[in-house]
Every structure is written in C-alpha cells, then in structure tokens.
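**Student:** Take this structure, written in structure tokens, and hold onto it; I'll ask about it next.
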Amino acid sequence: MDSTVTSATRYPLVGTEEVPTRRITVYFDGPNPDDLLVLEYAATHTEAWEFTSAAVQAGLTVTVDGKVRPELRRLPCRSLWH
C-alpha cells in the first residue's frame, strides 16, 4: 500500500470545489516580541484573495504564495471566502 498523499487525494475535486493552489500564512503578534504565532492554510485562489483582503483590513499580516503542501489544513470557514 502506498502511503503517499497527493494534493488530489487530500483535496479531491468535488462538484465545483477547486483544488487549493495557494498557501496562506497568517502572522499573529503576541504580548511579547517572542510570542509570534504563525498559521498556514491551503486555499483556492479566490479564498486566498477574499481572506487576505479581510485580514489586512483587520490589521493582520498575511502572505500568500503557491507553496501548497499536502499536510496543510484547509482555510477554516472557507465558504465565507468565496
């Protein structure tokens, strides 16, 4: 049995759902300079665009790139970002 997980296996194309092609990295400041929290998520192009626009308006630092890895979690509440 092959234990390799591909993005197509982890993120199957269901109906009109797109396969994530973007990695979103969100940076949260902590109470101290050493308390930075960094979270990464997989998202579609549209989800990344919509989430980033809202996050930046809320004062968060966000980066988006194409370095999607199979183990990345999908963006939470992604239906909000369509």
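Bear in mind these aren't lab numbers, they're just calculated from the coordinates by the rules spelled out. Here the structure is a predicted model, which means the values were calculated and not measured. Note that we place each Cβ from the backbone using ideal geometry, even for glycine, and neighbour counts take in every protein chain shown.
**Student:** Test of understanding: what is the full-extension gain from residue 49 to residue 65, defined as 0.36 nm times their sequence separation minus their Cα-Cα distance?
**Tutor:** The residue 49-residue 65 span can extend by a further 4.6 nm.
**Student:** Moving to a separate point now. Taking amide H positions as placed in the peptide plane 1.01 Å from N, state which residues far from residue 21 in sequence (5 or more) or on other chains have amide H under 5 Å from it.
**Tutor:** Long-range HN contacts for residue 21: 43, 44, 45.
**Student:** At 7 Å along the Cα-to-beta-carbon direction for both residue 58 and residue 29, put a label point, then send me their distance in nm to one decimal.
**Tutor:** For the pair residue 58/residue 29, the computed spacing is 1.6 nm.
**Student:** A further question on this structure: Using 0.36 nm per residue of separation minus the Cα-Cα distance, give me the extension gain between residue 38 and residue 21 in nm, one decimal.
**Tutor:** Gain on stretching residue 38 to residue 21: 4.2 nm.
**Student:** Sequence-distant or interchain residues sharing an amide H contact under 5 Å with residue 61, placed H: which?
**Tutor:** Correct list: 27.
**Student:** Classify region 21-82 from the C-alpha gyration tensor, please: rounded if a/c falls under 1.5, else prolate or oblate depending on whether a/b exceeds b/c.
**Tutor:** Oblate.
**Student:** Continuing with this model, one more query. Under the Karplus relation 6.51 cos²θ - 1.76 cosθ + 1.60, θ = phi - 60°, what is the ordered set of whole-Hz ³J(HN,Hα) values for region 47-64, x standing for Gly and Pro?
**Tutor:** With coefficients 6.51, -1.76 and 1.60, one gets 4, 4, 4, 5, 5, 4, 4, 5, 5, 5, 5, 7, x, 7, 9, 9, 10, 10 Hz.
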